[in-house]
Amino acid sequence: MRLHDNRLFGFIRGSLVRSLIVMTGVLVLTPIASAAHTKTRASQLGEVALGVGNLMHMEDFLRAYPGSRTSILSYMKLDSFDVDAAVQYMRWNASTQAQMGREFWPQVALETSGLGLAEFRRQLAQPGSKVDRSIRLLAREIAKYRRDRKWFFIRPFSEMNDGTLSNPWEFALKDRHNTPNDLAAIWMLLHRAFDEEGADNAVFVFSPLAAYSVHHEAEVLETLNLIPLGMIDVYGLNVYSRPMTAYRGASPDPIPFAQLAQPWLNVLAQSKHRGLPLAVSEMAVSNQATDDRRATWVREAFNYARKHEFVMVTYFNYPHPYWHIDDNTLAGQVLRAEINHH
């Protein structure tokens, strides 16, 4: 649902110390590892990472948001990315966070720019291939921070149930022939590579898209059931809402967060991974709804996350014609208040 391209989200070498895509905030709730939750690496976080997207220099960002705990390091295109430069970027950010005394848990989304799942699987399984080297380089770097209990959210192939042409890993792209079997095999190879490199501080997040008329529930369920227990730490939803008027319906209200999330929570409940900690990897509400309606949607989304003890909640607030919320609007005020809520 978001833009999956290099105009904004790819790692740009020239911006190494100039800008960062950041997700901000922290929300202290009841313990996240409740009786209803399966114990995973995410159970050790101790706090719930809450955030909003922004483009800022890391040092400025940390000063502006003293309660922040997470940021998106990159949407990493593993078949074309300069991972060496990304690792340097990671080191610089980690150093800045440490110097400012900030406990921080970055996010890395793993994607491809051209490879479908079958070809990516083939290359990943080949020792010494570009994607194998890239994954292991990233994993080794992450492993360096495990003694400091610095966690990294790893999000492989989010929104796998969508069909965006620029996202070649998604199930709805008929010409790509992407299958649950390939995605599950890739997930296992990735997880094992991280473990072999000592990166047991990597928190693996499984993130389908929850949006109007987006389906492929059967493929998502099959993928979940093919991935062994213990290899998914968090079930994270990418929740995107528009009003029904955007779909030629009558209601001007954006579709409620709970209505979009529930079908995908049902999928999790039907799987062998039921009980995983929950997260919102990304969420946004379209400006096709009025400002006051967006504000209500944001407030209700955060309330839902509190009620269900989500471990991470992030609002997708990057420059975008639909999803961005301006600070000077009512929705912007509500968003900031929710981020700063204790």
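The values are calculated or read from the model by the stated rules, or taken from the named source; none is laboratory data. In this text the structure is predicted, and so the values were computed from the model without any measurement. Virtual Cβ from ideal backbone geometry, glycine too; neighbours counted across all protein chains shown.
For the stretch 198-212, does any single residue satisfy the condition of being of a type outside the set (D, E, K, R), surrounded by fewer than 22 Cβ atoms within 10 Å (Cβ to Cβ) and in a helix (DSSP H, G or I)?
no
Any residue at all in the stretch 245-260 that's of a type outside the set (Asp, Glu) and within 24 Å of Val108 (Cα to Cα)?
No, the stretch 245-260 contains no residue that is of a type outside the set (Asp, Glu) and within 24 Å of Val108 (Cα to Cα).
Considering only residues that are without any contact (Cβ under 8 Å) to a residue 40 or more places away in the chain and in a helix (DSSP H, G or I), look in the stretch 79-97 and name the one that is surrounded by the most Cβ atoms within 10 Å (Cβ to Cβ).
Gln97
Of these, Glu119, Glu141, which one is surrounded by fewer than 23 Cβ atoms within 10 Å (Cβ to Cβ), out of contact with any strand residue (DSSP E or B) (no Cβ under 6 Å at 6 or more places or on another chain) and in contact (Cβ under 8 Å) with a residue 12 or more places away in the chain?
Exactly one residue qualifies, and that residue is Glu141.
Looking for something closer than 25 Å to Glu47 by Cβ and either touching a residue at least 12 places away in the same chain (Cβ under 8 Å) or among the hydroxyl-bearing types (Ser, Thr, Tyr) (or both) - is there at least one such residue anywhere in the stretch 156-175?
Among the residues of the stretch 156-175, at least one is closer than 25 Å to Glu47 by Cβ and either touching a residue at least 12 places away in the same chain (Cβ under 8 Å) or among the hydroxyl-bearing types (Ser, Thr, Tyr) (or both), which makes the answer yes.
Does Lys174 count as farther than 19 Å from Tyr75 by Cβ, among the basic types (Lys, Arg), part of a loop (DSSP other than H, G, I, E, B) and under 19 Å from the mean Cα position of the chain (by Cα)?
It is false that Lys174 is farther than 19 Å from Tyr75 by Cβ, among the basic types (Lys, Arg), part of a loop (DSSP other than H, G, I, E, B) and under 19 Å from the mean Cα position of the chain (by Cα).
For the stretch 299-342, how many residues meet the condition of being of a type outside the set (A, V, I, L, M, F, W, C), surrounded by fewer than 23 Cβ atoms within 10 Å (Cβ to Cβ) and more than 18 Å from Ala289 (Cα to Cα)?
Going through the stretch 299-342 one residue at a time, the tally reaches 11.
Is there a residue in the stretch 293-305 that is more than 21 Å from the chain's Cα centre (by Cα), in a helix (DSSP H, G or I), under 30 Å from Leu276 (Cα atoms) and aliphatic (A, V, I, L, M)?
yes
Quick check: is even one residue across the stretch 165-181 surrounded by fewer than 21 Cβ atoms within 10 Å (Cβ to Cβ) and closer than 27 Å to Asp200 by Cα?
Looking for residues that are surrounded by fewer than 21 Cβ atoms within 10 Å (Cβ to Cβ) and closer than 27 Å to Asp200 by Cα, one finds at least one in the stretch 165-181, hence yes.
Consider Ala261 against the criteria (1) in a helix (DSSP H, G or I); (2) surrounded by fewer than 15 Cβ atoms within 10 Å (Cβ to Cβ): it satisfies all of them except one. Which criterion is unmet?
(2)
Taking the options Arg69, Arg2, Arg18, Arg7, name whichever one is charged (D, E, K, R) and at pLDDT 70 or above.
When all the criteria are applied, what remains is Arg69.
Hey, does the stretch 251-258 have a residue that's in a helix (DSSP H, G or I) and within 20 Å of the chain's Cα centre (by Cα)?
Taking the stretch 251-258 as the starting set, the residues that turn out to be in a helix (DSSP H, G or I) are 257-258.
Add one more test, that the residue is within 20 Å of the chain's Cα centre (by Cα), and what stays is 257-258.
Yes, some residue in the stretch 251-258 is in a helix (DSSP H, G or I) and within 20 Å of the chain's Cα centre (by Cα).
I'd like to know if the stretch 213-227 contains one or more residues that are assigned to a loop (DSSP other than H, G, I, E, B), more than 30 Å from His320 (Cα to Cα), of a type outside the set (Lys, Arg) and modelled with pLDDT of 95 or more.
Yes, the stretch 213-227 has at least one match.
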